[in-house]
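S.K.: Once you've had a glance at the structure underneath, I'll fire off some questions.
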Amino acid sequence: MIARLIETPSISCARPELDMSNEGVIDLLANWCESAGFSINKQNVSTGKYNLIATIGQGSDGLILSGHTDTVPCNEEHWNSDPFKMNERDNRLFGLGSCDMKSFIALAISASQAFTTDQYKKPLTIIATADEETTMSGARLLAKNGNRLGKYCVIGEPTDMRPVREHKGIIMESVRFIGSSGHSSNPDLGNNAMEAMHDFIGRLMLYRKNLKHRHNNPAFEISYPTLNLGHIHGGDNANRICGECELHIDFRFLPGMKLEDMRYQIREIAQSVAIKRELNVDFEALFMGIPAMQTDSSSEINQYLELLSQHKGQSVAFGTEAPFYNDMGCETVVFGPGSINQAHQPDEFLPVEQIQPTIKILQNLIQKFCCT
């Protein structure tokens, strides 16, 4: 199953020329799940993009095992083997999506086959989503529909088989000041957007410093919110007053801080600069954003995964679909084989030695939350 999934490209990318449909992956999973006794719901998310909701067993408040079907793009020339062919060497499975995260869905289906339909007292639901690597539109649609699909949820992102119960939220924002150009020999002939950006960046650095002092969570390796200035462009010539200047920002905030508040505060700082300097400012959300996620340490599924894995619940800086499942009333933990350190880079791999232990842990979860 892992080999077939890797061989079925499903790149998700903001650049239309690289973006692909995930329907081939969804259809593979649907066929396997249906053969294993699951009822199938293939959900259209957008043109060429689909979710799969596969359920076995009756009742409510069961277990969800969830993964996304898309991958990031890749630079094939930097790989030591074909990224779209599973290659086994050095006790590792190489291929695009091997750890992030097509393999997990195959392992979830495999784990379910240890149980017969009549053993399920509560349902097991396997969910495969679209476009996690870009817009998270698949998970957003699930949350928007508002249906509670289970009481407990495990999202199989690569965590080295350690439970993750909280992660930071993310926003990416473009701020563009629009002044007026003119000949550089006389500043009064224009309104310099780059100088406004200089003012804005100074205020942004002070805002970042204040956030670091006010918000701290020692569970995270980087225990405070981070704000990165990732891209800037302004003007076109040394002898022209800069008419426009644009900055791209990446902001990662802690649980308890609200996405909408963070975006508003950044825009408010920019607006104050624009008013002071009598120019205009435009904003664009480069990424819709991911809320911060936190599942209580006392959650039954967190405690059970801590017991099974022999690791305490972790905190990470990368984002997942978990906040959307929590919004649906699920107690959600992120847990899967492979390491985030291997994701999004050449020669992505899944350690073979983690496959059977992962299946065993998933079987224990199914037994406890669906069959007991």
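The values are calculated or read from the model by the stated rules, or taken from the named source; none is laboratory data. Just so you know, these numbers come straight off a predicted model, no measurement behind them. All Cβ positions, glycine included, derive from the backbone under ideal geometry; neighbour counts span all protein chains shown.
S.K.: Considering every residue within the range 312-330, establish whether at least one is more than 14 Å from Cys153 (Cα to Cα), assigned by TED's automatic domain parsing to the domain that holds Ala114 and of a type in the set (Phe, Trp, Tyr). Let's see the steps before the verdict.
M.R.: Residues of the range 312-330 more than 14 Å from Cys153 (Cα to Cα): 312-319.
Add one more test, that the residue is assigned by TED's automatic domain parsing to the domain that holds Ala114, and what stays is 312-319.
Pick out the ones that are also of a type in the set (Phe, Trp, Tyr) and you get 318.
There is at least one residue in the range 312-330 that is more than 14 Å from Cys153 (Cα to Cα), assigned by TED's automatic domain parsing to the domain that holds Ala114 and of a type in the set (Phe, Trp, Tyr).
S.K.: Given Asn91, Asn75, which one is under 24 Å from Leu286 (Cα atoms) and surrounded by fewer than 19 Cβ atoms within 10 Å (Cβ to Cβ)?
M.R.: After applying the criteria, what remains is Asn75.
S.K.: Of the residues that sit in the range 247-286 and are of a type in the set (Phe, Trp, Tyr) and surrounded by fewer than 16 Cβ atoms within 10 Å (Cβ to Cβ), which one is nearest to His167 (Cα to Cα)?
M.R.: If we filter the range 247-286 for residues that are of a type in the set (Phe, Trp, Tyr), which is where we start, we get 251, 253, 264, 283.
The next check asks that each one be surrounded by fewer than 16 Cβ atoms within 10 Å (Cβ to Cβ); those that pass are 264, 283.
Values: Tyr264: 21, Phe283: 26 Å.
Result: Tyr264.
S.K.: Can I ask one more? What pairs can you find where one residue is in the range 26-41 and more than 15 Å from Ile64 (Cα to Cα), the other is surrounded by fewer than 14 Cβ atoms within 10 Å (Cβ to Cβ), and their Cβ atoms are less than 8 Å apart, with a gap of 6+ or different chains?
M.R.: Listed by first residue and then by second, the contacts come to Ala36/Gln113; Gly37/Thr117.
S.K.: Any idea how many residues of the range 41-60 are closer than 15 Å to Gln367 by Cα, buried (at least 22 other Cβ atoms within 10 Å of the Cβ) and either out of contact with any Cys (no Cβ under 7 Å at 6 or more places or on another chain) or not assigned by TED's automatic domain parsing to the domain that holds Ile105 (or both)?
M.R.: So the count comes out to 1.
S.K.: In the range 1-16, is there at least one residue being at pLDDT below 95 and among the aliphatic types (A, V, I, L, M)?
M.R.: Scanning the range 1-16 turns up at least one residue that is at pLDDT below 95 and among the aliphatic types (A, V, I, L, M).
S.K.: I need the full set of residues from the range 161-175 which are in contact with a helix residue (DSSP H, G or I) (Cβ under 8 Å, 6 or more places away or on another chain), assigned by TED's automatic domain parsing to the domain that holds Gly243 and surrounded by fewer than 22 Cβ atoms within 10 Å (Cβ to Cβ), in order please.
M.R.: Glu173
S.K.: Moving to a separate point now. Name the residue, out of Ser12, Ser103, Ser35, Ser98, that is surrounded by 24 or more Cβ atoms within 10 Å (Cβ to Cβ), of a type in the set (S, T, N, Q) and out of contact with any helix residue (DSSP H, G or I) (no Cβ under 9 Å at 6 or more places or on another chain).
M.R.: Step by step, each of Ser12, Ser103, Ser35, Ser98 is checked, and only Ser12 is surrounded by 24 or more Cβ atoms within 10 Å (Cβ to Cβ), of a type in the set (S, T, N, Q) and out of contact with any helix residue (DSSP H, G or I) (no Cβ under 9 Å at 6 or more places or on another chain).
S.K.: Tally time: how many residues in the range 91-106 are in a helix (DSSP H, G or I) and either over 22 Å from Gln58 (Cα atoms) or of a type in the set (Gly, Ala, Ser) (or both)?
M.R.: 4
S.K.: For Ser272, are the conditions met, namely being of a type in the set (Ser, Thr, Tyr), at pLDDT 95 or above and within 30 Å of Ala193 (Cβ to Cβ)?
M.R.: Spelling it out, Ser272 is indeed of a type in the set (Ser, Thr, Tyr), at pLDDT 95 or above and within 30 Å of Ala193 (Cβ to Cβ).
S.K.: What do you reckon, is Ala54 among the small types (Gly, Ala, Ser), assigned to a strand (DSSP E or B) and in contact (Cβ under 8 Å) with a residue 40 or more places away in the chain? First the steps, then the outcome.
M.R.: Values: among the small types (Gly, Ala, Ser): yes; assigned to a strand (DSSP E or B): yes; in contact (Cβ under 8 Å) with a residue 40 or more places away in the chain: yes.
Against the criterion (among the small types (Gly, Ala, Ser), assigned to a strand (DSSP E or B) and in contact (Cβ under 8 Å) with a residue 40 or more places away in the chain), Ala54 qualifies.
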